[in-house]
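Asks: Structure provided below as structure tokens; questions to follow.
The values are calculated or read from the model by the stated rules, or taken from the named source; none is laboratory data. Keep in mind that this is a model prediction, so the values were computed, not measured. No Cβ is skipped: glycine too gets one built from the backbone with ideal geometry, and neighbour counts run over all protein chains shown. The protein model used for the area step is the full one, side chains on, heavy atoms only, and it has no ligands, DNA or RNA in it. Shrake-Rupley method; radii C 1.70, N 1.55, O 1.52, S 1.80 Å.
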Amino acid sequence: MKAWQHFKTITHHKRLVMEGCFRVGLYWQGLTHDLSKYSPTEFWVGAKYYQGDRSPNSAERNDKGYSTAWMHHKGRNKHHYEYWTDLNVQTGQYESVPMPRKYLVEMVMDRRAACMTYQGKNYTDASPWEYFDRSRERNLMHPELEKQLAFLLEMLRDQGEQVTFRYIKDSVLPGKPFPWEKA
């Protein structure tokens with residue numbers, strides 16, 4: 001039963017991301033988003049730790065101290081900032097690197113869909129921003145990505161989907177500068 005519930009949850013999430021990506025013109029990413037969640041490595045762990053109101057990766061992490069499903073997932077899905085780290089040859093340290101805009105946009109759609117999936121009727125356009133604001137992840141992201149993501153999530157919170165999606169389609173994806181980048 002948990003496997004079926006998990007399948008329905010990840011499929012619902014994937015459908016929401018796909019709809020968001022389609023609305024801004026990211027058709028391939030909408031179709032291929034999170035396909036690794038259906039792989040045995042991620043799916044069976046997700047089914048085992050399924051609760052329905054939060055990511056099974058968190059439950060696996062609480063149980064084991066780490067999440068094998070998450071480590072598999074973040075290394076295969078470019079819309080996660082963790083994917084965009086590499087060894088800096090000058091410093092000898094792993095560091096975040098800039099994320100291409102199409103993956104930034106997919107990340108926005110992913111966060112929106114995750115909040116919609118887990119919060120259900122309690123979701124608002126502020127939910128993705130609130131989750132981001134509570135997390136410590138912004139310290140791990142490339143500074144440019146953190147600023148771009150915060151800007152888009154704040155826009156979603158303050159101006160709603162229609163304005164935000166139009167801005168993404170007309171400005172972000174074509175590579176126009178963000179407001180702070182203008183000369």
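Asks: With 31 Å as the limit, write out which pairs from Lys8/Lys169; Lys37/Lys169; Lys8/Lys64; Lys48/Lys147; Lys2/Lys74; Lys2/Lys121 have Cα-Cα distances beyond it, or answer none.
Replies: Lys48/Lys147
Asks: A further question on this structure: Could you check how much of the accessible area of the chain is carbon and sulfur, as a whole percent, using a 1.4 Å probe?
Replies: 54 percent
Asks: Output needed for the chain: three equivalent-ellipsoid semi-axes, defined as square roots of 5 times the C-alpha gyration tensor eigenvalues, in descending order, whole Å.
Replies: Taking √(5λ) for each eigenvalue gives 26, 21, 15 Å, largest first.
Asks: Could you calculate the FRET efficiency of Gln162 with Val89 from 1/(1 + (r/R0)^6), where r is the beta carbon distance between them and R0 is 30 Å, rounded to 0.05?
Replies: My answer for the efficiency is 0.10.
Asks: With every protein chain kept in place and ligands, DNA and RNA left out, what is the accessible area per residue of the chain? Probe 1.4 Å, answer in Å².
Replies: Normalised by residue count, the accessible surface of the chain is 55 Å².
Asks: Something else about it: Could you identify which residue out of Leu16, Leu26, Leu87 has the top mean-square fluctuation in a GNM of the chain using Cα springs shorter than 10 Å?
Replies: Leu87
Asks: Same structure, new question: So if I take the alpha carbon set of region 125-183, get Rg, then get Rh from the Kirkwood formula, what is the Rg over Rh ratio?
Replies: 0.98
Asks: Starting with the highest mean, order 155-163, 69-77, 133-141 by the number of other Cβ atoms within 10 Å, averaged over the residues of each peptide.
Replies: Top of the packing list down: 69-77, 155-163, 133-141.
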